[in-house]
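The values are calculated or read from the model by the stated rules, or taken from the named source; none is laboratory data. Here the structure is a predicted model, which means the values were calculated and not measured. With ideal geometry, Cβ positions are generated from the backbone for all residues, glycine too; neighbour counts draw on all protein chains shown. SASA here: full protein model, heavy atoms, side chains in, ligands and nucleic acids out. Shrake-Rupley method; radii C 1.70, N 1.55, O 1.52, S 1.80 Å.
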Amino acid sequence: MGKKPKSAAGKNKALARKFVPEFAKAVPKVEEQVGSFVPKEDPGLPGDNYKVLDGEGYDDGGVADLTLMLDLDDMVWRRKRGDKAYYEAIRNDLLPRQTVGSMAKYSRRDQKVQLAQVLFGDDPDSSHTEEIYSPPLKGDEDPAVIKQITKNLATAKEALKLSIILEEPACMAMSLVEIAKRILTLKDKEGADDAIRCLEKAIEISSDGFWDLDEIKDETIPNPTARPKDQKNATKPGLANPASLKLMPIRVSHLCLRSTWLNMGNAWAAKGDEAKSREYYEKIFPLLSEEPRCQRIDGERHALFINIGNTYVRNGDFTLADEQYKLAEKLGQEHVDAKVGSEDDGMAMVIGAWRARSKALMKVGREDEAKTLMREVIQSQIKLNAINEEKKAKAEAAAIEAQKKQALAVEAEKKAEA
């Protein structure tokens, strides 16, 4: 038996050792949490399209940013309370998590993983092109699609409920963004005011002021309305508030604002206020200025250029619109010319810019030019689809071959042991 500590400090250290497991990750300094800002030395995901353009390293596909926004390892909680209190709370199941219903069987961490699948996973109505606002065609509504989007809207509200239970403000902000996005997809102009209300709350959470938790809870119900201003009780510090920045990096705020401002631009476009829409799109560029040149970030820039161009063409100004489409095309062409990394994604950006230009030409009455360009879009898209299908088939074949080799190795090992 070892000696028992006599001093109060010794007793506290012994108690901490009792509750803090040896495998626990050390809590990094706030400024060391950079998310996906710094490229990785080696590709962390399969494929070669994560190579950073004109630089060294590989993008991680936003994985580290996702971990940061979810605070998957509860770094904020640990900084605030200390490891002893944190692991003691884990041991006694005292950390905030959903304890009723189907989610009750999951740990707090696993509930965050489930939440991530809702907020950042691939939904049936979700694609890169949904970040580019386009007014829906009247009479083109598919009942099956409408039903799915309505279901997805309800799921987003459930995500907000879970985010509130977990006491994760960044997840609350992103849940509000998802709710707004799905309202716009479902109702377009008729839902724009509701979407803007949600997004304004997401901005409050993400900014340097304070926000009202009760106002956030209102968005979990089926048909919420705005509260009178005199009922506002904003006491929670925003993600960029000095109090919050002692516990988390400013990048969390910036990630939330990038998504919120993009969808705010889309919402104002749905309302027909093109100047207001452009204002929100353009606010995002400074937050991207220092980001690495990779498919993920340039895809975000590309969507902004297309959106801004579309605001001009809806006002009848093709010249200003085409300036933006050329910038979007240039982004993609730079990836194509690099011949490394995301060449195919670059071609997809080029085709996307051509498609936007073709639609703009049609809108301003230059039909012959529009049709000629759209034929080129279709031909290029067919070629790109064939390339992608070939790559997919090769990847699947390689995966099957790897599984066979692994199975043979396991079998050989079993025979050797026998």
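Quick rundown of the values:
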{"read-out": "Count of residues meeting criterion [surrounded by fewer than 18 Cβ atoms within 10 Å (Cβ to Cβ) and in a helix (DSSP H, G or I)] in region 259-273", "value": "1"}
{"read-out": "Subset tally (residues that are touching a helix residue (DSSP H, G or I) at 6+ places or on another chain (Cβ under 8 Å) and either closer than 22 Å to LEU66 by Cα or among the acidic types (Asp, Glu) (or both)) for region 245-273", "value": "19"}
{"read-out": "Close pairs from region 357-374: first part of a helix (DSSP H, G or I), partner among the acidic types (Asp, Glu) and open to solvent by 30 Å² or more (accessible area, probe 1.4 Å), Cβ under 7 Å, at least 6 apart", "value": "LEU361/GLU369"}
{"read-out": "Failed condition for PRO96, given (1) in contact with a helix residue (DSSP H, G or I) (Cβ under 8 Å, 6 or more places away or on another chain); (2) crowded, with 19+ Cβ neighbours inside 10 Å", "value": "(2)"}
{"read-out": "Candidates THR235, THR225 - the one that is loosely packed, with under 14 Cβ neighbours inside 10 Å, more than 16 Å from LEU160 (Cβ to Cβ) and touching a strand residue (DSSP E or B) at 6+ places or on another chain (Cβ under 7 Å)", "value": "THR235"}
{"read-out": "Unique residue being hydrophobic (A, V, I, L, M, F, W, C), at pLDDT 90 or above, surrounded by fewer than 16 Cβ atoms within 10 Å (Cβ to Cβ) and part of a loop (DSSP other than H, G, I, E, B) when the list is LEU45, LEU72", "value": "LEU72"}
{"read-out": "Of all residues in region 274-293 being touching a helix residue (DSSP H, G or I) at 6+ places or on another chain (Cβ under 9 Å) and outside any helix (DSSP H, G or I), the one that is surrounded by the most Cβ atoms within 10 Å (Cβ to Cβ)", "value": "ARG293"}
{"read-out": "Test: residue in region 253-273 that is among the aromatic types (Phe, Trp, Tyr), touching a Ser or Thr at 6+ places or on another chain (Cβ under 8 Å) and touching a residue at least 40 places away in the same chain (Cβ under 8 Å)", "value": "yes"}
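Per-residue answers, yes or no, for (1) open to solvent by 30 Å² or more (accessible area, probe 1.4 Å); (2) in a helix (DSSP H, G or I); (3) out of contact with any His (no Cβ under 7 Å at 6 or more places or on another chain):
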| position | (1), (2), (3) |
| --- | --- |
| GLY316 | yes, no, yes |
| LEU331 | no, yes, no |
| GLU334 | yes, yes, yes |
| ILE351 | no, yes, yes |
| ASN388 | yes, yes, yes |
| GLN403 | yes, yes, yes |
| ALA412 | yes, yes, yes |
